[in-house]
Each structure stands twice: as structure tokens, then as C-alpha cells.
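Input: a single structure, listed below in C-alpha cells.
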Amino acid sequence: MPEIIDVQLKKGVLVLCVLAVLARKESYAYEIASNLSDAIGMGEGTIYPLMRRMQSDGWVETYLVESSSGPSRKYYRLTEAGHAALKAQRSEWRTFVVAVDALLEPVSQGDQNDPK
Amino acid sequence: MTRNEFIDKLRKGLSDLPEVSVNEIVADYEAHFADAAAAGRSEAEVASALGDPERLARELHAESGLKRWEKAKTPSSAIAAIFAFLGLGAIDILILLPILMGIAGSLVGIFIGAFGTFFAGGILFAAGPFLSLPGGVAGALLGGVGLMAAAVMVIALTAIVTIWMVNALVWFARLHYRVLKPALEPQSN
């Protein structure tokens with residue numbers, strides 16, 4: 001059961017996480033994927049269909065960077081629309097977290113059984 | 001599985017997509033293997049983290065067929081969407097197949113019938129006045145127009161039902177994604 005919650009949660013925030021990672025630093029897919037699989041345990045294979053989708057939605061654009069070793073690397077950066085999407089999803093996420101946190105807080109008065 | 005096996009299977013599975021998109025997709029996974037190797041990971045480990053390439057190819061393939069339908073609702077994109085759906089090869093799809101064939105057959109039959117009626121109306125309208133039919137000239141003209149109008153209505157209704165059916169199929173097909181699912185789930189903004 002916890003696994004199902006886990007998967008659903010990650011699925012929902014994956015796009016937001018990718019937008020946030022790219023807002024910090026323009027990056028290439030492997031780096032984004034390993035950032036996210038370290039941070040939230042996302043399966044790394046999901047990054048490619050996701051990036052293609054975000055690209056076709058006009059949220060990210062790509063450019064090639066020459067690499068000293070091997071072929072040039074495809075970098076992603078946020079477009080105007082991507083920044084706007086990040087802003088909207090971030091505030092939505094914050095509101096959501098505040099609401100869930102409020103529900104998770106034990107009722108403060110008279111709740112002596114709570115270990116806190 | 002080695003990197004070459006993975007890429008071969010992926011490429012084979014995608015072979016009837018446009019070459020440009022196949023090359024883009026394959027290049028992404030090639031780069032992934034290269035970056036992972038640079039990070040000291042084995043090919044087998046990376047391949048298993050990426051999932052089954054044949055399954056991945058089937059789903060990418062299906063997705064491109066379904067997207068074609070969503071972009072332009074034409075008869076040929078409807079056929080592309082239906083093949084994309086069948087290409088997923090899920091077991092419940094195979095069970096549904098006879099029912100789907102029945103429905104598709106009926107829709108095609110209604111379309112053909114309606115077109116036939118339309119032409120019959122056209123002929124009645126054009127030739128009827130010269131054939132001294134029981135209703136006279138006015139009867140032939142009105143009857144012809146009436147038949148054509150009824151046929152157009154049936155065609156329009158059938159088209160609506162067909163579009164609705166294909167949309168339902170697209171929705172159902174997406175339920176079958178395993179590899180792509182986390183990434184392709186529509187985002188509710």
C-alpha cells in the first residue's frame with residue numbers, strides 16, 4: 001500500500017521537479033535523471049518520454065553543447081512558458097503541502113498520547 | 001542485456017515511425033548509456049533500469065499513433081490510432097477485438113448505406129422530374145432533397161459516434177502503458 005501512494009505522489013510531482021531542476025541550472029537528460037532518481041527515486045527511463053512531451057508542449061527547448069569526450073550533448077533549458085508553468089505548479093504545490101501538513105499535525109491541546 | 005541489444009530492440013520496435021524521430025529517441029538512449037558508462041555503471045545495470053526496450057518501443061509507437069489522432073481527427077489518423085491500440089498487444093485488447101470489429105463494421109455499413117441513400121436522392125432529384133413518377137415533378141424534387149438531407153444527417157451522426165469511439169479507444173489504450181506511464185499521464189493543471 002505505501003508503495004502505491006509513493007508511486008502516485010512521484011508521478012504527480014515529476015514535471016514540477018524537472019521544471020525546478022532546469023530553473024536552477026540548464027542541464028542534460030542524464031544529469032536531470034540522476035538528480036531526480038537520487039532525490040525522489042524516479043525511474044530513470046521515464047525522463048526521455050517526459051522531456052519529449054515537455055518539448056512538444058513548448059516548456060523546454062534544446063541546444064547542443066560540444067563535448068571534449070564523445071559526441072555533443074543535448075542540453076535543455078526552460079522557455080518562457082516553462083517558467084510560467086513552474087511558477088504556477090510551484091504555488092499549487094506549496095498550497096497543497098500546507099494543507100496536507102495542517103491535516104497531519106496532531107491536535108495540539110489535550111493530545112498527551114502523542115509522542116511529541 | 002548489453003547496450004547494443006537494448007538499442008537494437010528499441011530501433012527494431014520503432015522501425016515504422018518517421019526516421020527523424022527514431023534517430024532522436026535512439027540518440028537519447030545512446031547518450032544515456034554513454035553517460036552512465038562514464039559514471040562507472042555497467043551496461044546491464046543501466047538496461048535493466050531503463051526497462052524492457054520492446055515494451056518501451058511498443059508504447060512509444062502507440063503514443064505517436066494516438067497523438068496523430070489528437071492533432072487531426074481524420075479517417076487516416078483514426079486508423080493510425082486503432083493500429084497503435086492493437087500494437088500494444090495487451091490481452092484484454094485481444095479479447096475486446098471481436099466486439100470492436102463488430103462495432104467498426106456496423107459504423108462502416110451505416111456510412112456506406114448513408115452514402116448510397118445520398119446518391120439515390122441525388123438521382124431522384126436530377127432524373128425524377130423526367131420520369132413521370134406518381135408524385136409528379138414536385139414530388140421527385142422534394143423526395144430527392146429529403147433523401148439527401150436524411151443521408152447527410154445520418155453521416156454526421158455516425159461521424160460523431162465514430163470520433164467518440166476512437167477517443168474512448170485512445171483513453172483505454174493509455175491505461176495500458178507500463179514503461180511510459182509516469183511520464184505521460186496527463187497533468188491536471
Legend entry - the range A:44-59, subset surrounded by 19 or more Cβ atoms within 10 Å (Cβ to Cβ) and more than 7 Å from chain B (Cβ to nearest Cβ), residue farthest from A:ALA81 (Cα to Cα): A:ILE47
Legend entry - Among (1) at pLDDT 85 or above; (2) within 25 Å of B:LEU50 (Cα to Cα); (3) in contact with a helix residue (DSSP H, G or I) (Cβ under 8 Å, 6 or more places away or on another chain), the one test that A:TYR63 misses: (3)
Inset, instruction - Inspect all residues belonging to the range B:78-88 and state whether any of them is at pLDDT 80 or above, part of a loop (DSSP other than H, G, I, E, B) and more than 13 Å from chain A (Cβ to nearest Cβ). - result: no
Inset, instruction - Output the qualifying pairs, or none if there are none: Cβ atoms under 8 angstrom, residues six or more apart or on different chains, first residue in the range B:165-187 and more than 11 Å from chain A (Cβ to nearest Cβ), second residue at pLDDT below 70 and not in a loop (DSSP other than H, G, I, E, B). - result: B:ARG174/B:LEU184
Inset, instruction - Report yes if some residue within the range B:36-43 is under 24 Å from the mean Cα position of the chain (by Cα), under 25 Å from A:SER27 (Cβ atoms) and not hydrophobic (A, V, I, L, M, F, W, C); otherwise report no. - result: no
Inset, instruction - Might you let me know whether the range B:27-38 holds any residue that is within 24 Å of A:TYR75 (Cβ to Cβ), surrounded by 16 or more Cβ atoms within 10 Å (Cβ to Cβ), touching a Lys or Arg at 6+ places or on another chain (Cβ under 6 Å) and modelled with pLDDT of 85 or more? - result: yes
Legend entry - All positions within the range B:37-67 that are farther than 28 Å from A:ASP57 by Cα and without any contact (Cβ under 8 Å) to a residue 40 or more places away in the chain: B:ALA37, B:ALA38, B:ALA39, B:GLY40, B:ARG41, B:SER42, B:GLU45
Inset, instruction - Return a yes/no flag: does the range B:66-73 have any residue that is loosely packed, with under 13 Cβ neighbours inside 10 Å and either aliphatic (A, V, I, L, M) or modelled with pLDDT of 85 or more (or both). - result: yes
Legend entry - Residue ID - nearest to B:GLY13 (Cα to Cα), chosen from residues in the range B:74-93 that are surrounded by 13 or more Cβ atoms within 10 Å (Cβ to Cβ), more than 8 Å from the chain's Cα centre (by Cα) and of a type in the set (A, V, I, L, M, F, W, C): B:LEU88
Legend entry - the range B:49-63, residues that are at the interface with another protein chain (Cβ under 10 Å from one of its Cβ atoms), in a helix (DSSP H, G or I) and not acidic (Asp, Glu): B:ALA49, B:LEU50, B:PRO53, B:LEU56, B:LEU60
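The values are calculated or read from the model by the stated rules, or taken from the named source; none is laboratory data. Quantities reported herein were computed from a predicted structural model and do not represent experimental measurements. As a convention, Cβ positions derive from the backbone with ideal geometry for all residues, glycine included, and neighbour counts pool all protein chains shown.
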